[in-house]
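Chemist: Quick one: structure below, then a few questions.
The values are calculated or read from the model by the stated rules, or taken from the named source; none is laboratory data. On a predicted model such as this, the values are computed, not experimentally measured, just so you know. Please note: Cβ atoms are built from the backbone with ideal geometry, for glycine as well, and neighbour counts cover all protein chains shown.
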Amino acid sequence: MRGAAQADAKSVVERFVQAINGHDLEAIVGCFAPDYHDVEPVHPTRQISGGRTEVRKRWGMVLDGLPDFRTEVERIAVEDDTAWIEHDWSGTRADGTRLHLRGVNVFGIRDGQFAWGRIYMETVEEDGIDIEERVRRMAEGDPGTGG
C-alpha cells in the first residue's frame, strides 16, 4: 500500500504544478479534496477551512491578479501519504509590482487529492538583513521586528 500512496502523492503534486503554470483554475481545484483545510503555522489566522469553495476563491484571486503567475519547483519529497513541495512563486500584479515568494507546502494526500496542508510561503527579501544581524536579533531581541 505504501507504494500506491506515494504514487498518488507524486501524481497530485505533478498535476498541481501543471495546473498552476497552465493557469487552469478547475484543474487546481481538482487537486484538492472537498473537505480540504490548511493553516500557515507562522501566521495562524491565515487558513482555509471551507474546502474547495475557498480553494477556488483564493486561487482564482491569484490567477486573476497575477496573469503571469508561475511556480518553479525546487524539490519534492514524498513519504507515504505526505508530500513536501519547495516552491518559488513569482508574478506581476496589475500595478506592475512583482510578487516573489519562496517556501514549502506540506500536503496530506487522500485518494489522489490534497486533504490538508501546512503552508510556509514568505516574501523574498531582495535587500533584507544579513545572517549576522538576524542571529543577533534572535538572540538579543529587537522590538521593531518581533524577533
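Chemist: From Arg110, Arg102, Arg118, Arg137, which residue is of a type outside the set (A, V, I, L, M, F, W, C) and over 30 Å from Ala7 (Cβ atoms)? Reasoning before the result, please.
Modeler: Details: Arg110 fails: over 30 Å from Ala7 (Cβ atoms); Arg102 fails: over 30 Å from Ala7 (Cβ atoms); Arg118 fails: over 30 Å from Ala7 (Cβ atoms).
Exactly one of Arg110, Arg102, Arg118, Arg137 is of a type outside the set (A, V, I, L, M, F, W, C) and over 30 Å from Ala7 (Cβ atoms), namely Arg137.
Chemist: Just to be sure I understand, how many residues within segment 47-99 are touching a residue at least 40 places away in the same chain (Cβ under 8 Å), touching a strand residue (DSSP E or B) at 6+ places or on another chain (Cβ under 6 Å) and either among the charged types (D, E, K, R) or in a loop (DSSP other than H, G, I, E, B) (or both)?
Modeler: Here the count works out to 2.
Chemist: Looking only at segment 1-46, filter to residues that are among the hydroxyl-bearing types (Ser, Thr, Tyr) and assigned to a strand (DSSP E or B); which one of those is surrounded by the most Cβ atoms within 10 Å (Cβ to Cβ)?
Modeler: Tyr36
Chemist: Follow-up question, since we're still on this one. Given the criteria within 16 Å of Trp116 (Cα to Cα), among the aliphatic types (A, V, I, L, M) and at pLDDT 95 or above, does Val55 qualify?
Modeler: Numbers: within 16 Å of Trp116 (Cα to Cα): yes; among the aliphatic types (A, V, I, L, M): yes; at pLDDT 95 or above: yes.
It is true that Val55 is within 16 Å of Trp116 (Cα to Cα), among the aliphatic types (A, V, I, L, M) and at pLDDT 95 or above.
Chemist: Scan segment 113-132 for residues that are under 17 Å from Glu86 (Cβ atoms) and part of a strand (DSSP E or B) and jot them down.
Modeler: The initial filter retains those residues of segment 113-132 that are under 17 Å from Glu86 (Cβ atoms), namely 114, 117-124.
Within segment 113-132, Phe114, Gly117, Arg118, Ile119, Tyr120, Met121, Glu122, Thr123 qualify.
Chemist: Quick check on Arg102: is it out of contact with any Cys (no Cβ under 8 Å at 6 or more places or on another chain) and either modelled with pLDDT of 95 or more or part of a loop (DSSP other than H, G, I, E, B) (or both)?
Modeler: Numbers: out of contact with any Cys (no Cβ under 8 Å at 6 or more places or on another chain): yes; either modelled with pLDDT of 95 or more or part of a loop (DSSP other than H, G, I, E, B) (or both): yes.
In short, yes.
Chemist: Going by what's in this entry, would Ile109 be described as touching a Pro at 6+ places or on another chain (Cβ under 9 Å), in a strand (DSSP E or B), surrounded by 16 or more Cβ atoms within 10 Å (Cβ to Cβ) and not aromatic (Phe, Trp, Tyr)?
Modeler: Working: touching a Pro at 6+ places or on another chain (Cβ under 9 Å): no; in a strand (DSSP E or B): yes; surrounded by 16 or more Cβ atoms within 10 Å (Cβ to Cβ): yes; not aromatic (Phe, Trp, Tyr): yes.
It is false that Ile109 is touching a Pro at 6+ places or on another chain (Cβ under 9 Å), in a strand (DSSP E or B), surrounded by 16 or more Cβ atoms within 10 Å (Cβ to Cβ) and not aromatic (Phe, Trp, Tyr).
Chemist: Exactly one of these conditions fails for Ile76: (1) under 19 Å from Ile109 (Cβ atoms); (2) in contact with a Lys or Arg (Cβ under 7 Å, 6 or more places away or on another chain); (3) of a type outside the set (S, T, N, Q). Give me its number.
Modeler: (2)
Chemist: Against the definition (surrounded by fewer than 16 Cβ atoms within 10 Å (Cβ to Cβ) and farther than 18 Å from Gln47 by Cα), how does Met138 come out, yes or no? Before you say what the answer is, go through the steps one by one.
Modeler: Numbers: surrounded by fewer than 16 Cβ atoms within 10 Å (Cβ to Cβ): yes; farther than 18 Å from Gln47 by Cα: yes.
When the stated conditions are applied, Met138 passes them.
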